[in-house]
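Novice: Dropping the structure in here first, questions after.
The values are calculated or read from the model by the stated rules, or taken from the named source; none is laboratory data. Just so it is clear, the structure is predicted and the values come from calculations on it, not from any experiment. In this analysis, Cβ positions are derived from the backbone assuming ideal geometry, glycine residues included, and neighbour counts consider all displayed protein chains.
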Amino acid sequence: MDFGPLWLSAKLAIVTTVVLILVGAPLAWWLSQTRSRWQPVVQAAVAMPIVLPPTVLGFYLLILLGPNGAIGSWWVQLTGDTLTFSFTGLVIASCIYSLPFAVQPMQNAFEALPRKNLEAAWTLGASKLDAFFSVAAPLSVRGFVSAIVLAFAHTLGEFGVVLMVGGNIPGETRVVSIAIYDHVESLDYSSAHQLSLALIVFAFVTLFAMFVINRRWQSQ
């Protein structure tokens, strides 16, 4: 079995998940606390990848990140390389595609926090940033765990978005979902079966572990 696509997919999922937690946590906190009229607009924008076909999202990302796109042209001037058909482009596309799977679990966890805990921290002189790290984040560990698991697993199984933005370059953008598609097209069902089975086992083990952890927390 060719482990190259598996390793590249795991690398993409790890990098994407780290970025999503760093970016998604402040966004989820803002969505859970704000009373701004823009909150529904931002929330709808974050959730759009759930309902949009991956090819639609991938098509517009291809235009945006392409050499003539608003972001892609700037990147070419800065680095001399293109974002499309590169690992960096895959990371950007994956972060956008998996954003709701990271933000929503954390937002739900933040919204479930007892308001009195935050008010107590503020009464003791803690700033909003201190209250977040000392009170909100520790009490929302379940939300962070769910976000990490869902973002990682969702990124690992991407197909439409990564195909549109990254293409099929071995060692650079040929992730496991693309490799499976290639094997099926070439009638190499044995290799496709091996990669597919590996993804099925991983997905089951990951989700099983998350449910077990959540169940144990609920019983405490």
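Novice: Determine which single condition G4 fails, assuming it passes every other condition in (1) of a type outside the set (F, W, Y); (2) touching a residue at least 40 places away in the same chain (Cβ under 8 Å); (3) farther than 21 Å from G160 by Cα.
Specialist: (3)
Novice: Still on this model: Tally time: how many residues in the range 118-147 are farther than 15 Å from N214 by Cβ and either of a type in the set (F, W, Y) or crowded, with 17+ Cβ neighbours inside 10 Å (or both)?
Specialist: Residues in the range 118-147 being farther than 15 Å from N214 by Cβ and either of a type in the set (F, W, Y) or crowded, with 17+ Cβ neighbours inside 10 Å (or both): 9 in total.
Novice: Would you mind telling me which numbered condition in (1) at pLDDT below 90; (2) crowded, with 19+ Cβ neighbours inside 10 Å; (3) under 16 Å from A13 (Cβ atoms) V161 fails?
Specialist: Only one criterion is unmet by V161, namely (1).
Novice: State all residues of the range 168-220 that are within 26 Å of S140 (Cβ to Cβ), in a helix (DSSP H, G or I) and polar (S, T, N, Q); if no residue qualifies, say none.
Specialist: The answer is T206, N214, Q218, S219.
Novice: For residues in the range 44-98 being under 16 Å from G166 (Cβ atoms) and touching a Pro at 6+ places or on another chain (Cβ under 8 Å), which is surrounded by the most Cβ atoms within 10 Å (Cβ to Cβ)?
Specialist: For the range 44-98, the residue satisfying everything is S98.
Novice: Can I ask one more? Could you look through the range 59-99, keep only residues that are touching a residue at least 60 places away in the same chain (Cβ under 8 Å) and among the small types (G, A, S), and pick out the one that is farthest from N168 (Cα to Cα)?
Specialist: So the residue we want is S98.
Novice: Anything in the range 177-220 that is in contact (Cβ under 8 Å) with a residue 40 or more places away in the chain and touching a Phe, Trp or Tyr at 6+ places or on another chain (Cβ under 8 Å)? List them, or say none.
Specialist: S177, I178, T206
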